[in-house]
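For reference, the structure discussed in these notes is given below.
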C-alpha cells in the first residue's frame, strides 16, 4: 500500500540545497563588490568637497588681492578660507598654510555617513 498522493508537487531536498549553495556563492561575490563601491563613492564625495575647498581658497586669494593692495600671504589666505569654509553637516574642512600655498584636507564628521572614510588632501599653490 502506497501513501503517496497523486499530483503531489514540491521541491526535493537536493534542489533546495543546490539553490542555497548558489545563493551563498552569489552573496560571497556581491557583498565585497558592494562594500568596495561604497568606499569608492565616499572617496569621490570627499574629492568633490576638496574641490569646493579649493574654490574657497581661490576666492580668498582673489578677495585678499583686491582688498590688500595686491598682497596675499598664504597665512592670510588660509585664515580667510577657515572663516569662509563651506557649510556642511557631514564634512570637516582643514586649511593649513604652507610655504607655497594652502593644504586642504576634508574628513567625514563623526556620526555621518562619511565617518571613518579616508581623508582627502589637496594642495592649492599660490600663483
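The values are calculated or read from the model by the stated rules, or taken from the named source; none is laboratory data. Just so we're clear, the structure is a prediction, and the values are computed from it rather than from any experiment. Glycine also receives a Cβ, built like all others from the backbone with ideal geometry; neighbour counts cover every protein chain displayed.
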Looking at (1) outside any strand (DSSP E or B); (2) touching a strand residue (DSSP E or B) at 6+ places or on another chain (Cβ under 6 Å), can you tell me which one residue 124 breaks? (1)
So is residue 46 at negative phi, at pLDDT below 90, crowded, with 16+ Cβ neighbours inside 10 Å and assigned to a helix (DSSP H, G or I) or not? yes
If we keep just the residues of the range 104-122 that are without any contact (Cβ under 8 Å) to a residue 60 or more places away in the chain and within 10 Å of residue 53 (Cα to Cα), which is nearest to the chain's Cα centre (by Cα)? 105
Given the residues 67, 88, 55, which is the only one that is without any contact (Cβ under 8 Å) to a residue 40 or more places away in the chain, under 28 Å from residue 127 (Cβ atoms) and over 29 Å from the mean Cα position of the chain (by Cα)? 67
So residue 117 fits all but one of (1) modelled with pLDDT of 90 or more; (2) in contact with a helix residue (DSSP H, G or I) (Cβ under 8 Å, 6 or more places away or on another chain); (3) surrounded by 11 or more Cβ atoms within 10 Å (Cβ to Cβ); what number is the exception? (1)
Being over 28 Å from residue 121 (Cα atoms) and surrounded by 10 or more Cβ atoms within 10 Å (Cβ to Cβ) narrows it down to one residue among 41, 30; which is it? 30
Within the range 73-80, does at least one residue satisfy the condition of being surrounded by fewer than 15 Cβ atoms within 10 Å (Cβ to Cβ), modelled with pLDDT under 90 and over 20 Å from residue 106 (Cα atoms)? no
Can you name the number of the only condition in (1) part of a strand (DSSP E or B); (2) surrounded by fewer than 17 Cβ atoms within 10 Å (Cβ to Cβ) that residue 106 fails? (2)
What do you reckon, is residue 62 part of a helix (DSSP H, G or I), under 21 Å from the mean Cα position of the chain (by Cα) and either closer than 21 Å to residue 123 by Cα or at pLDDT 90 or above (or both)? no
